[in-house]
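Since the structure comes first, as structure tokens, the remarks are kept for the end.
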Amino acid sequence: MKQVKIKELIKECERMAQNNFEIVEEIALKNQKKVLDAFRKNRISSIHFNSSNGYGYDDLGRDTLCRLYADVFGAESSIVSPLIVSGTHALSLALFGVLRPNDTMLSITGKPYDTLDEVINGNGIGSLKDYNIAYKEVSLLDNGSFDWETIQKELDNKPKLVFIQRSKGYDWRDALSVYDIGKIAVKIKEIYPECIIMIDNCYGEFVEEVEPTDLGADIIAGSLIKNPGGGIAPTGGYIAGKECYIKQISYRLTAPGIGMEVGSYSYGHRLYYQGLFLAPSTVKNAIKGNILGSYIFNKLGFDTQPKAATIPKDIILGIKFHTAKELVSFCQNVQKASPVDGYVTPEPWEMPGYVHKVIMAAGTFVQGASLELTADGAVRQPYVAYLQGGLTYEHYKIALEELLADLI
Ligand SMILES: *Cc1c(COP(=O)(O)O)cnc(C)c1O
């Protein structure tokens, strides 16, 4: 397609997306205010950016960052730490922190994210299963809503913990709205008040104006190189929720009886504060890019998840291509449009835990940080690429322009 035509197409789609842009901007404004208010309430000052070393006793930067996150997420308490290496680590810590032998974990959004497979079901590697913690799951209904009838039956068996994945991950479904998560949490607690409700919050933070902990979830966990790190947190994860559970989880992170009293960080926590402050706006940029992308790809005859005209509930845009070749060159072109390693051509590759070859585009400042513009997909039918992130809307738009030139 001619350059002029592409520019016209993007302009037209941008006009169509205007309503949704405004809705997303309104959410970002509310989230920015919420974050700013938490900063003011906690009297954040440059002293909080100082480094610590050794045991890190009384690290004011660490302790205050935890309180700040708890306030932003409407939680009693939180752990925010560069010592949590990833989202999977945060989720694993939370599960091991509160579950005990003979307990049951019940997922009500079907199979959890791939990296949790081994955490739950691994053999002889210290998985939940090795500790005799049972796992059950109830899939979402075909229309993407909770299967309340089956969930109700499972609650009779008194699972210690109910697990919900907010984002679609690598599924072809809508991400869940926090309001729907809140409603199911209330219904579950009515039947079985002792049940712990835990949310995999990855890719969901700041997409809506509330978080699951605002609406009754007991524990949320996620990665700091996704949404809440604002694109500049260098590593880490967070867990927020009820004080009693966060305490147990902190004993798992360090040692029983020690918890969050220790843990130093000689770089200081400034980037975590600054990242959290930027996060509502960065997430908005990524979502606006996805909205524009969905209008464009739908117009060109490619199915997307979510479809154009719907307000995204996470920061992932699934795009269904017709052929493996289209999928592969799409990801290669995302790499080409990256500020870092833009000269590198990614190839489909065998990855641990995947049956088919996977292609990944991640030309990012922070390794693997997917709040930055990134794409990946398994090379098999249906040929779906997952496009996510975008630190700036302008970068996303330039990338789309270049992708289209090659695609059509
Ligand atoms: C990214 C992600 C994870 C795992 O996070 P990592 O940082 O990659 O370990 C878990 N669940 C969901 C829904 C995710 O998007």
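The values are calculated or read from the model by the stated rules, or taken from the named source; none is laboratory data. A quick note: this is a predicted structure, and the numbers were derived from the prediction, not measured. Heads up, the Cβs are rebuilt from the backbone with ideal geometry, glycines too, and the neighbour counts pull from every protein chain shown. Ligands, DNA and RNA are stripped out before the accessible areas are found, and what is left, the full protein with its side chains, is counted by its heavy atoms. Shrake-Rupley method; radii C 1.70, N 1.55, O 1.52, S 1.80 Å.
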>> Suppose we filter LYS189, LYS183, LYS153 for residues that are under 30 Å from ALA279 (Cα atoms), at pLDDT 95 or above and open to solvent by 30 Å² or more (accessible area, probe 1.4 Å); which single one remains?
In response: LYS183
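From the list TYR396, TYR386, TYR343, exactly one residue is within 16 Å of the ligand (Cβ to nearest atom) and either at pLDDT 95 or above or open to solvent by 40 Å² or more (accessible area, probe 1.4 Å) (or both). Which is it? Working first, answer last.
Numbers: TYR396 fails: within 16 Å of the ligand (Cβ to nearest atom); TYR343 fails: within 16 Å of the ligand (Cβ to nearest atom).
Result: TYR386 is the single residue among TYR396, TYR386, TYR343 that is within 16 Å of the ligand (Cβ to nearest atom) and either at pLDDT 95 or above or open to solvent by 40 Å² or more (accessible area, probe 1.4 Å) (or both).
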> Across region 120-144, what is the number of residues that are open to solvent by less than 60 Å² (accessible area, probe 1.4 Å) and modelled with pLDDT under 95?
Replying inline: 1
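Residues are listed down the side, and each one gets a yes or a no for (1) under 24 Å from ASN290 (Cβ atoms); (2) among the small types (Gly, Ala, Ser); (3) within 12 Å of the ligand (Cβ to nearest atom):
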{"residue": "GLY169", "(1), (2), (3)": "yes, yes, yes"}
{"residue": "ALA175", "(1), (2), (3)": "yes, yes, yes"}
{"residue": "ILE188", "(1), (2), (3)": "no, no, no"}
{"residue": "ILE220", "(1), (2), (3)": "yes, no, yes"}
> Do we have ILE311 as in a strand (DSSP E or B) and away from the ligand (no atom under 16 Å from the Cβ) here?
Replying inline: no
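Anything in region 34-72 that is on the phi > 0 side of the Ramachandran plot, basic (Lys, Arg) and touching a residue at least 60 places away in the same chain (Cβ under 8 Å)? List them, or say none. Even if it seems obvious, please write down each step before you answer.
So in region 34-72, the residues on the phi > 0 side of the Ramachandran plot come out as 43, 54, 56, 58.
Checking which are basic (Lys, Arg) leaves us with 43.
Hits for region 34-72: nothing passes.
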>> Which condition from (1) among the hydrophobic types (A, V, I, L, M, F, W, C); (2) out of contact with any helix residue (DSSP H, G or I) (no Cβ under 9 Å at 6 or more places or on another chain); (3) in contact (Cβ under 8 Å) with a residue 40 or more places away in the chain is the one that ALA28 breaks?
In response: (2)
> Which one is farthest from ILE188 (Cα to Cα) among residues in region 233-253 that are open to solvent by 10 Å² or more (accessible area, probe 1.4 Å) and either free of Cβ contacts under 8 Å to residues at least 60 places away in the same chain or within 16 Å of the ligand (Cβ to nearest atom) (or both)?
Replying inline: PRO234
>> For region 45-163, give me every one of the strands (runs of 3 or more DSSP E) that falls completely inside it and has 3 or more residues that are within 16 Å of the ligand (Cβ to nearest atom).
In response: 77-81
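Answer yes or no as to whether VAL379 is hydrophobic (A, V, I, L, M, F, W, C), away from the ligand (no atom under 16 Å from the Cβ) and in contact with a Lys or Arg (Cβ under 6 Å, 6 or more places away or on another chain). Before you say what the answer is, go through the steps one by one.
Values: hydrophobic (A, V, I, L, M, F, W, C): yes; away from the ligand (no atom under 16 Å from the Cβ): yes; in contact with a Lys or Arg (Cβ under 6 Å, 6 or more places away or on another chain): yes.
Judged against the criteria, VAL379 is a match.
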